[in-house]
1. Quick check on this structure: which one of 209, 159 is assigned to a strand (DSSP E or B), in contact (Cβ under 8 Å) with a residue 40 or more places away in the chain and either under 16 Å from the mean Cα position of the chain (by Cα) or farther than 29 Å from residue 51 by Cα (or both)?
2. Looking at region 30-74 only, could you name the residues that are surrounded by 22 or more Cβ atoms within 10 Å (Cβ to Cβ), closer than 19 Å to residue 98 by Cα and without any contact (Cβ under 8 Å) to a residue 60 or more places away in the chain?
3. Which condition number does residue 366 fail, the rest of (1) touching a strand residue (DSSP E or B) at 6+ places or on another chain (Cβ under 9 Å); (2) buried (at least 17 other Cβ atoms within 10 Å of the Cβ); (3) not in a helix (DSSP H, G or I) being met?
4. Any residue that is closer than 22 Å to residue 202 by Cα and touching a strand residue (DSSP E or B) at 6+ places or on another chain (Cβ under 8 Å) - is there at least one of those in region 245-259?
5. Sort through 284, 335, 294 and tell me the only one that's in contact with a helix residue (DSSP H, G or I) (Cβ under 9 Å, 6 or more places away or on another chain), over 17 Å from residue 377 (Cβ atoms) and touching a residue at least 40 places away in the same chain (Cβ under 8 Å).
6. Do you know which of the residues in region 220-244 that are assigned to a loop (DSSP other than H, G, I, E, B) and touching a strand residue (DSSP E or B) at 6+ places or on another chain (Cβ under 8 Å) is farthest from residue 147 (Cα to Cα)?
7. Of all residues in region 41-99, which are under 22 Å from residue 377 (Cβ atoms), assigned to a helix (DSSP H, G or I) and within 17 Å of the chain's Cα centre (by Cα)?
8. Pick out the one residue from 121, 102 that is touching a residue at least 24 places away in the same chain (Cβ under 8 Å), more than 19 Å from the chain's Cα centre (by Cα) and part of a strand (DSSP E or B).
């Protein structure tokens, strides 16, 4: 498809660019990109891909807008809380650029649907914040032959790379498994809800990710294939690490052992966490008010605990094994963290190593407690 006169006016600053011009802009118009996740990275990524005129943009997310999103997810406002992220995002993006077609996938991306969704697009931009989905997106892109433009953020740092990209010489670049062949143990690397993130960081990294998408789609410049770009906002330092294809990569090494999508929750060691007994915030609140003798154990870091807590004993996750003797094996013991992830990890360790049978996890952690019970709780 060619550009209309109105589109030529809209994209005139592109048309005047050396190495860009009408031909490259029409490549964007005829391209299809899938954005996985509409959160901190997904918001700026979607806004810029929409603004520059990518013809078709798919949007995948099953979540709803939460107040804790608003510090960094700039597509959403207070009036969007509780609404579908994909629906809100697409409605706003259509106003930004009526020449873009949007495909909504208000579903959780899983092994059962990933191939069918991803194969509809020319490239995938991964803006997720959890390891199972990152491995899923990577493997699905390799199996469907699609480039995967990856980014991640944590606290004050971000990283960007381009995976599974075929260069002009026909050589295939590395993929996510060439850097991270195996996932970290559950709970070792907190997500943004647990570890926090500076609000402007997703905008910086998401914009870089968008520029890599443009380079992949149009062929201009040199995408970050075979390289991992690292950025620290505190001192504005950058590093670029070189990445090579690993011949032992189980996905596309010398003897590939992964030829279809797998159970990524199980692969990342999270499947077992579903067997942990959970206690909803409202149930814990009721039992506290009734005077039940509960033992509360908060496994967050010291500064988090002192910033805001609901009582109980503070035993950080990294000390849980050597301080197990402070945790009773009778009565109900409720473990607490910010989102429920670290406390679930603590419970699994106590069950596996010490045989505890009286532990339960505060469902959704203090984020859920704040939403349901105590809106004034001053979490990081």
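The values are calculated or read from the model by the stated rules, or taken from the named source; none is laboratory data. Quick caveat, the model's predicted, so the values are computed rather than measured. Quick reminder, even Gly has a Cβ in these numbers, built from the backbone with ideal geometry, and neighbours come from all protein chains shown.
1. On the way: 209 fails: assigned to a strand (DSSP E or B).
On inspection, the qualifying residue turns out to be 159.
2. Correct list: 46, 50, 57, 59.
3. Status for residue 366: all satisfied but (3).
4. No, that holds for no residue.
5. Only one candidate qualifies: 294.
6. Within region 220-244, the first condition is being assigned to a loop (DSSP other than H, G, I, E, B), and the residues that meet it are 220-224, 226, 233-236, 243-244.
Filter once more, keeping what is touching a strand residue (DSSP E or B) at 6+ places or on another chain (Cβ under 8 Å): 223-224, 226, 233, 243.
Details: 223: 11, 224: 11, 226: 12, 233: 27, 243: 16 Å.
Only one residue tops the list, namely 233.
7. Residues satisfying the conditions are 68, 69.
8. Numbers: 121 fails: part of a strand (DSSP E or B).
Of 121, 102, the one residue that is touching a residue at least 24 places away in the same chain (Cβ under 8 Å), more than 19 Å from the chain's Cα centre (by Cα) and part of a strand (DSSP E or B) is 102.
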